[in-house]
Amino acid sequence: MKSIFTKTTGLSDRPFHYCPGCTHGIIHRLIGELLEEMNLIENTIGVAPVGCSGFCENYFMCDMIGAAHGRAVAVATGAKRARPDRFVFTYQGDGDGASIGLAETMSAAARGERITSIFVNNCIYGMTGGQMAPTSLVGQKTSTSPYGRDAMTMGYPLDLPKVLTQIEGAVYVASVSVDTPQAIKEAKKALRKAFQVQRDGLGYSFVSILSTCPTNWGVTPVEALEWLQTKMKPNFTLGELKVPATEGGSEA
Amino acid sequence: MALLMKGNEAIAEAAIQAGCRLFYGYPITPSTEIPEYMAKKMKAVGGTYLQAESEVAAIYMVYGAGAVGERVMTGTSSPGFSLMQEGLSFLFAAEIPCVIIDVMRGGPGLGGLGPTQADYFQLTKGGGHGDYHAIVLAPSSVQEMVDLTKEAFDLADYYRNLVIIAVDGILGQMMEPVEFPPYEGRKLEPKTWAASGAEGRSKNNVISYYLTPEIGEKENSRWGAKMLRIKESEQRFVEYRMDDAEYAFVAFGTCARITETVVDMLREEGINVGLYRPITLWPFPEKGLSARINQIKGWMSIELSAGQMVDDVKLVVNGKAPVGFYGRQGGMTPEPEEVVAAFKAQLLGGVQG
Ligand SMILES: Cc1ncc(C[n+]2csc(CCOP(=O)(O)OP(=O)(O)O)c2C)c(N)n1
Ligand code: SF4
């Protein structure tokens with residue numbers, strides 16, 4: 001009998017703690033599969049953020065370090081410089097990577113750190129119960145923008161991957177989603193390339209993934225996917241935004 | 001053979017000799033010679049110097065390298081040290097060994113570039129959140145900076161705890177002859193806990209949180225027991241002319257050197273005084289001080305601050321004798337004559353501290 005699907009050895013047996021309809025779990029699976037397929041599990045140091053995915057060290061089967069909120073990229077830099085032979089990635093929410101840790105993200109990109117950041121953008125602070133994020137949409141109601149995000153006083157959502165394309169040391173930048181089977185395939189392809197860029201020692205690689213938060217958006221899991229498709233997608237540049245020069249240079 | 005070296009450079013060299021191969025830092029006067037020395041010398045030994053974007057990033061780079069199990073250090077001065085406080089709390093909870101140098105400068109605020117010891121509370125009482133302590137070492141000469149830096153890495157690895165070396169700007173900038181004798185070192189266990197890649201073993205997590213209060217309390221108790229062990233075993237101090245002393249000064253770092261002169265001056269006048277110099281600021285060397293309690297009629301803490309360590313002296317003396325204080329602030333240092341006068345006014349004139 002031919003087996004057509006098995007659980008990846010890149011993930012532990014521990015059940016995810018994520019809410020129903022949350023796409024953090026799908027993203028975990030893609031990373032777990034790639035760690036396995038690229039034979040990286042024993043060679044990897046992962047860095048967990050603070051946020052809903054702050055317990056992801058329980059799921060990934062590689063060695064993991066838990067960072068403080070916003071500092072995953074600095075921790076990963078410290079680890080990678082200590083062990084340049086290891087594969088080092090960060091897993092971060094949008095608050096972690098684009099607000100409190102924005103300086104770390106930009107600076108690591110500028111230095112061309114040989115690490116990979118997986119940036120999970122759900123337009124909200126999930127962990128703390130639905131406050132406004134740097135990525136929240138104009139008009140989006142959150143517990144700290146109860147009348148909707150007002151652009152005049154609260155600004156605009158930050159399209160971080162687009163910004164990063166401007167930085168020389170960020171050699172691979174992709175912005176993907178996991179809202180359909182096709183999108184999941186594309187996301188995995190982007191992650192694989194990002195991982196390979198690090199293995200080839202080319203520089204900083206960054207994959208932004210649009211993700212759902214039905215709990216704090218106040219919608220059902222099915223509505224959450226629609227919200228992502230109709231509300232989020234128009235606000236963020238999507239696609240492979242920058243590829244290494246060896247692949248024909250920037251597509252931006 | 002003795003070399004003439006600046007304190008900051010001597011610390012950096014001692015760290016390299018202790019096997020530190022990673023330095024993450026951000027320039028700030030008066031500690032900048034440490035990153036500069038590292039930038040110059042790390043290459044030759046196959047190590048890494050990396051200029052971080054801020055002290056916040058620097059302390060978490062230290063966290064990352066320490067979590068992987070490597071010997072790592074950063075060096076900064078007071079405002080930079082303030083920025084690192086959250087990181088210190090995380091380093092403690094994740095039990096990541098590392099060495100941090102604080103070359104203290106005037107504060108509060110941007111303050112000034114002159115020497116101070118006004119980070120004492122922050123260093124010893126925990127500037128970050130939660131019940132934690134760093135082992136805090138306070139050398140008072142360039143030679144001692146070398147010796148304690150080498151030891152600091154062993155202490156950090158042995159206890160899986162952060163170690164801070166605290167000096168004032170004078171010690172950092174001062175040139176003195178130093179030697180780098182071979183260092184024996186402690187017997188240390190391999191770092192089987194490190195998150196260095198799970199090759200041929202099950203995976204490791206180096207983390208600083210607990211999901212349930214029950215585990216939280218257990219972890220805090222375990223750390224508390226470790227703190228007690230350190231308190232029991234690592235208190236250090238040096239005494240100067242204490243054997244027949246009736247009065248005693250307590251001072252560390254540059255202040256201790258000034259106070260030695262004060263002791264000699266008062267002894268010339270026939271007043272029997274001595275100096276008790278803490279080398280560990282945490283754990284505060286209570287045992288040595290307690291041993292002198294019945295002998296000493298009055299204590300006096302001399303500091304480059306508004307009076308911080310004096311609180312710890314009072315806790316140990318516990319009302320059994322008056323405790324005076326004299327300090328200068330803002331980057332100024334006391335003249336021995338001022339200290340003599342303050343001592344006479346506060347302790348011989350019957351004024352209680
Ligand atoms: C220094 C600090 N500030 C604030 C917090 C509280 N906090 C924890 S997670 C979080 C935001 C999480 O949002 P995000 O990074 O977008 O991840 P998500 O939970 O949505 O996956 C905040 C504000 C903290 N833990 N530490
Ligand atoms: S709160 Fe939102 S981001 Fe967090 S697990 Fe639930 S759905 Fe996912």
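Coordinate-derived values only; no laboratory data. On a predicted model such as this, the values are computed, not experimentally measured, just so you know. Here the Cβ is made from the backbone with ideal geometry for all residues, glycine too, and neighbour counts use every protein chain on show.
Within the listed set A:SER107, A:SER53, A:SER117, the Gaussian network model of chain A (springs between alpha-carbon atoms below 10 Å) gives the highest mean-square fluctuation for A:SER107. For B:SER290 and B:LEU3, a Förster radius of 51 Å and the Cβ-Cβ distance give a FRET efficiency of 0.85, rounded to the nearest 0.05. Close amide H partners of A:LEU241, meaning residues 5 or more places away or on another chain with modelled amide H under 5 Å apart, are A:VAL173, A:ALA174, A:SER175.
Over the range A:9-154, what portion of Cα pair distances is larger than 25 Å, expressed as a whole percent? That fraction is 30 percent. Here the range B:102-132 is scanned for amide nitrogen atoms under 18 Å from the site 7 Å beyond the Cα of B:THR261 along Cα-to-Cβ, giving B:115-117.
If you average 1/r across every pair of different Cα atoms in the range B:237-348 and take the reciprocal, what Kirkwood value do you get, in Å? Numbers along the way, then the final one.
Working: mean 1/r = 0.0737 Å⁻¹.
Radius from the Kirkwood sum: 13.6 Å.
Each label point was placed 7 Å from the Cα along the Cα-to-Cβ direction; for A:GLN166 and B:HIS129 their separation is 3.3 nm. Within the listed set B:VAL250, B:VAL238, B:VAL273, the Gaussian network model of chain B (springs between alpha-carbon atoms below 10 Å) gives the highest mean-square fluctuation for B:VAL238. Per-residue ellipticity at 222 nm computed for chain B from its helices equals -11500 deg cm²/dmol, with DSSP H segments shorter than 4 residues left out and the rest contributing -39,500 (n - 2.57).
With loop membership from DSSP and a limit of 16 other Cβ atoms within 10 Å, the longest segment of chain A without trypsin sites (Lys or Arg not before Pro) is A:8-140. Computed extension length for A:ASP85-A:PHE5: 25.7 nm, one decimal, from 0.36 nm per residue of separation with the Cα-Cα distance subtracted. Listed values for the range B:143-155 are Karplus-derived 3J(HN,Hα) couplings in whole Hz (6.51 cos²θ - 1.76 cosθ + 1.60, θ = phi - 60°), namely 4, 5, 4, 5, 4, 6, 4, 4, 5, 4, 5, 5, 4, and x replaces Gly and Pro.
Provide the FRET efficiency to the nearest 0.05 for the A:GLU226-B:LYS297 pair, computing r from the beta carbons and using R0 = 56 Å. If you can, show how the numbers build up before the last one.
Numbers: r = 82 Å, r/R0 = 1.46.
So the FRET efficiency works out to roughly 0.10.
Please go through the range A:174-252 and write out the chymotrypsin sites (Phe, Trp or Tyr not before Pro) that DSSP classes as loop and that have at most 12 other C-beta atoms within 10 Å. List each step's numbers first, then the result.
Details: sites: A:PHE195, A:TYR204, A:PHE206, A:TRP217, A:TRP227, A:PHE236; in loops: A:PHE236.
Those that pass, being in a loop and sparsely packed, number zero.
The tail of the calculated P(r) for the range B:3-233 beyond 22 Å holds 49 percent of all Cα-Cα pairs.
The C-alpha radius of gyration of the protein assembly as shown, expressed as a fraction of 2.2 N^0.38 Å, stands at 1.09. With the simple model of a label 7 Å out from the Cα in the direction of the Cβ, A:TYR147 to A:LYS233 spans 3.3 nm.
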